[in-house]
Amino acid sequence: MTLSPEIVVHGGDYEHALGLAGVHAGVRLGYEAMRVQDIFTGMLETRRFEACEFSLANYITLRAAGQDWLAAVPVFPWRAFRHSLAVTRRGSPLTSLSDLAGRRIGVEDYSMTAAVWFRGLLQEEYGVDLRSIRWITHAKQRFPFPSGANVETTDADLETLLDDGAIDAMLGFAPRDARLPASERTLRTVLPDPIAEERTYYARTGIFPIMHCVVIRSDVLERHPALPDAVVAAYASAKERAYQRQLGTTLVPWSKAHWADTFEVFGGDPLAYGLTPGNRRVVERLGDYLKQQGFIDTAPAIEKLFIRP
């Protein structure tokens with residue numbers, strides 16, 4: 001059998017994806033780990049990659065606008081609860097996400113999936129009127145601000161603004177402060193125990209927020225019709241091997257018990273792929289939030305969003 005030239009999938013530096021390279025469904029795949037924000041920017045600005053990890057909120061927004069130059073397979077390599085995302089100063093009076101009503105909050109990109117989930121969480125779970133919040137962000141954005149968004153742009157560093165008291169909180173993905181010794185840190189999460197609230201939220205809703213999907217350019221699909229099957233098979237195989245190895249449990253103390261507890265909570269598969277009922281519910285919830293926040297008029301049907309190999 002003659003194999004096609006290698007197609008390189010670009011994605012995050014995850015243990016469950018690094019074993020993706022190989023021949024799957026007759027297609028030779030490679031994998032290159034990159035900073036995912038750079039992948040998103042490269043795809044949006046120049047359609048740089050043949051296949052890559054991509055922001056789920058941005059993907060739904062593009063498809064809702066009628067753009068069909070990319071299509072997704074139902075592989076979701078990155079999920080995260082977002083209760084712990086809001087950080088504030090140690091001396092701040094903020095101790096609940098409901099306290100963020102009427103505040104000034106920094107966010108790197110207004111349209112990013114994490115920010116969409118966080119705003120939805122504020123409104124739906126904590127009763128916050130999103131119109132009361134002033135979002136402070138940078139002028140360069142992936143998408144135009146939705147009509148009516150309460151946004152202010154700045155050239156300043158968001159963490160510096162927070163330290164100086166110019167904003168009340170920020171969505172902190174990797175704050176510099178977190179790399180300091182605990183005794184020297186000046187920031188903290190708004191919630192005193194975000195993990196407890198995330199566990200309660202999941203037990204009640206069954207929602208483990210999906211951040212990213214995997215997309216393929218449509219011109220590449222035309223040349224390689226077997227590619228969706230290959231990409232899905234590759235991700236599934238790499239994840240299964242990572243699960244079998246229980247990566248990390250030999251390095252961090254007490255992690256084997258944590259591994260077992262976590263897998264029990266998530267029914268044996270914290271990173272479920274495919275259009276399962278649970279995944280459909282999560283994608284539909286994100287579509288609802290995108291509509292509520294003005295990014296889209298109507299969320300496309302699940303069957304219109306994903307190729308089903």
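Residue by residue, here is whether (1) within 22 Å of THR41 (Cα to Cα); (2) among the aliphatic types (A, V, I, L, M); (3) crowded, with 16+ Cβ neighbours inside 10 Å holds:
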| site | (1), (2), (3) |
| --- | --- |
| ALA80 | yes, yes, yes |
| VAL107 | yes, yes, yes |
| ALA115 | yes, yes, yes |
| THR153 | yes, no, no |
| ALA174 | yes, yes, no |
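Annotation: of all residues in region 18-44 being part of a loop (DSSP other than H, G, I, E, B) and either modelled with pLDDT under 95 or more than 16 Å from the chain's Cα centre (by Cα) (or both), the one that is surrounded by the most Cβ atoms within 10 Å (Cβ to Cβ) is LEU20. Looking across region 99-149, the residues that are among the hydroxyl-bearing types (Ser, Thr, Tyr) and either at pLDDT below 95 or farther than 26 Å from TRP78 by Cα (or both) come down to SER132, SER147. Listed by first and then second residue, the pairs with beta-carbon distance under 6 Å, at least 6 apart or on different chains, first residue in region 14-39 and closer than 17 Å to MET211 by Cα, second polar (S, T, N, Q) and surrounded by 15 or more Cβ atoms within 10 Å (Cβ to Cβ), form an empty list. Being out of contact with any Pro (no Cβ under 8 Å at 6 or more places or on another chain), surrounded by 14 or more Cβ atoms within 10 Å (Cβ to Cβ) and not assigned by TED's automatic domain parsing to the domain that holds ALA115 is not true of VAL265. Scanning region 126-138 for residues that are within 15 Å of VAL190 (Cβ to Cβ) and buried (at least 16 other Cβ atoms within 10 Å of the Cβ) gives VAL128, ILE133.
Restricting attention to region 243-284, the residues that are of a type in the set (S, T, N, Q) and over 20 Å from VAL232 (Cα atoms) add up to 5. Of the residues making up region 165-199, just one is within 17 Å of GLY120 (Cβ to Cβ) and β-branched (Val, Ile, Thr), namely VAL190. Scan region 207-245 residue by residue and report those that are in a loop (DSSP other than H, G, I, E, B) and either outside the structural domain of GLY26 (by TED's automatic domain parsing) or crowded, with 16+ Cβ neighbours inside 10 Å (or both). Correct list: ILE207, PHE208, PRO209, HIS224. Here are some residues: THR46, THR61. Which one is in contact with a helix residue (DSSP H, G or I) (Cβ under 8 Å, 6 or more places away or on another chain) and not charged (D, E, K, R)? Result: THR61 is the single residue among THR46, THR61 that is in contact with a helix residue (DSSP H, G or I) (Cβ under 8 Å, 6 or more places away or on another chain) and not charged (D, E, K, R). Apart from one condition, VAL252 fits all of (1) over 23 Å from the mean Cα position of the chain (by Cα); (2) surrounded by 15 or more Cβ atoms within 10 Å (Cβ to Cβ); the exception is (2).
For region 61-175, the strands (runs of 3 or more DSSP E) that sit wholly inside it and include 1 or more residues that are in contact with a Phe, Trp or Tyr (Cβ under 7 Å, 6 or more places away or on another chain), closer than 30 Å to ARG223 by Cβ and in contact (Cβ under 8 Å) with a residue 12 or more places away in the chain are 70-79. Test ALA257 against the criterion of being among the small types (Gly, Ala, Ser), within 19 Å of ALA17 (Cβ to Cβ) and in the same structural domain as THR46 (by TED's automatic domain parsing), and give yes or no. No; evaluated as a whole, the condition is false for this residue. On the stretch given as region 45-98, residues that are aliphatic (A, V, I, L, M), in contact with a strand residue (DSSP E or B) (Cβ under 9 Å, 6 or more places away or on another chain) and either modelled with pLDDT under 95 or farther than 19 Å from LEU275 by Cα (or both) total 7.
The values are calculated or read from the model by the stated rules, or taken from the named source; none is laboratory data. Because the structure is a prediction, the values reported are computed rather than measured. Backbone-built Cβ (ideal geometry, glycine too); neighbour counts: all protein chains shown.
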